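The values are calculated or read from the model by the stated rules, or taken from the named source; none is laboratory data. Keep in mind that this is a model prediction, so the values were computed, not measured. Glycine gets a Cβ as well: all are built from the backbone with ideal geometry, and neighbour counts include every protein chain shown. The accessibility values were calculated without ligands, DNA or RNA, using every heavy atom of the protein model including side chains. Shrake-Rupley method; radii C 1.70, N 1.55, O 1.52, S 1.80 Å.
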Amino acid sequence: MKTLPTDVVLYKSTPEFTQDSVPAGLQRNHTTAADVWGRIIVYEGRLRYVIEAPEVEEHLLVPGTPGIVEPQVAHHVVIDAPVRFCVEFLR
């Protein structure tokens, strides 16, 4: 998984989601805009983060292990356990 560039700054965050409230759009392939990075923060439980390109990668996110979303790279999350998380957006 990539790391965030040192020059990006947080500009917005989603509300906290749970396994019951996560939007369907996050569970199917989607991307961020050209200059937007994401950081998936898990507060409780676990979340599977799947990066679709250039090669498929799957990461298990838990508290203390964020998921980094690269600009314009297709990805989605898989809910298979109780979880509480948010997504931060940086540019």
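Values for this structure:
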quantity	calculated
Identity of the residue in the stretch 1-46, without any contact (Cβ under 8 Å) to a residue 24 or more places away in the chain and either part of a loop (DSSP other than H, G, I, E, B) or open to solvent by less than 50 Å² (accessible area, probe 1.4 Å) (or both), that ends up nearest to Ala74 (Cα to Cα)	Gly25
Filter result (of a type in the set (Gly, Ala, Ser) and over 15 Å from Val42 (Cα atoms)) within the stretch 65-91	Ala74
Residue match in the stretch 69-81 (condition: surrounded by 13 or more Cβ atoms within 10 Å (Cβ to Cβ) and of a type in the set (D, E, K, R))	yes
Where a residue in the stretch 66-81 is farther than 11 Å from Lys2 by Cα and among the charged types (D, E, K, R) and its partner, wherever it lies, is open to solvent by 30 Å² or more (accessible area, probe 1.4 Å) and modelled with pLDDT of 95 or more, with Cβ under 7 Å and at least six apart	Asp80/Arg48
Tally, over the stretch 47-64, of residues that are open to solvent by 60 Å² or more (accessible area, probe 1.4 Å) and modelled with pLDDT of 95 or more	7
